[in-house]
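Notes follow the structure.
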Amino acid sequence: ISKILHSSNKTSILLVNKIDSPQALSDVSEFYLLGFSKLYDIAAISGRNLGDLLDDVLESLPFTDESQTEDKRIRIAVVGRPNVGKSSLVNALLGFDRSIVTDIPGTTRDSIDSVLKYYGEEFVLVDTAGLRKKAKVKENIEFYSVLRSIRVIENSDVCFLMIDAMEGFESQDQNIFGLITKNRKGV
């Protein structure tokens, strides 16, 4: 695989995973023998060295002037606690099942952009992962899902704050509302 990648003349980054102990770290040196100029010793489960990896990946991507032009469409973020019906609303507005809908909280792990055409106008609907209280976030992937949902709020024009009618307006709904107003977004 190493020879194939070297002959392709494409940028390659070697990831050595499961480096989560001092013993494993000493074993990384043998991977330098493969001749890759970019090598990262990571632990995907704990997120070790992933920030440096992502920075390097972003630097190596060839962004063109066209990709940096600003999208003029109105961005609508659909936000709320887990399992309040965000994906169901997005699917209903789109008229087809774009997002998976289940009774299991946390089904949506990442933000999903969809284009909604309404009376000749295009809007970008963004279905987000549910925002839990920090104390209830148990796994790394959920932590990053919450961060991406917050970033979606920051980059949106309008937010639809979904509230569970059976449970009412709770403190986490207030926290999400505060985040929206802090970022000066329509709600």
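List of remarks:
- Region 1-30 residues that are free of Cβ contacts under 8 Å to residues at least 40 places away in the same chain, paired with ones that are basic (Lys, Arg) and open to solvent by 100 Å² or more (accessible area, probe 1.4 Å) (beta carbon under 9 Å, 6 or more apart): 24/18
- Counted as qualifying within region 1-79 are the helices (runs of 4 or more DSSP H) with 2 or more residues that are open to solvent by less than 70 Å² (accessible area, probe 1.4 Å) and under 30 Å from residue 130 (Cα atoms), namely 50-60.
- Top-ranked residue of region 142-187 - restricted to ones that are basic (Lys, Arg) and open to solvent by 70 Å² or more (accessible area, probe 1.4 Å), ranked as farthest from residue 130 (Cα to Cα): 184
The values are calculated or read from the model by the stated rules, or taken from the named source; none is laboratory data. Just so you know, these numbers come straight off a predicted model, no measurement behind them. We place every Cβ from the backbone using ideal geometry, glycine too, and count neighbours over all the protein chains shown. Heads up: the accessible areas ignore ligands, DNA and RNA and are worked out on the full protein's heavy atoms, side chains in. Shrake-Rupley method; radii C 1.70, N 1.55, O 1.52, S 1.80 Å.
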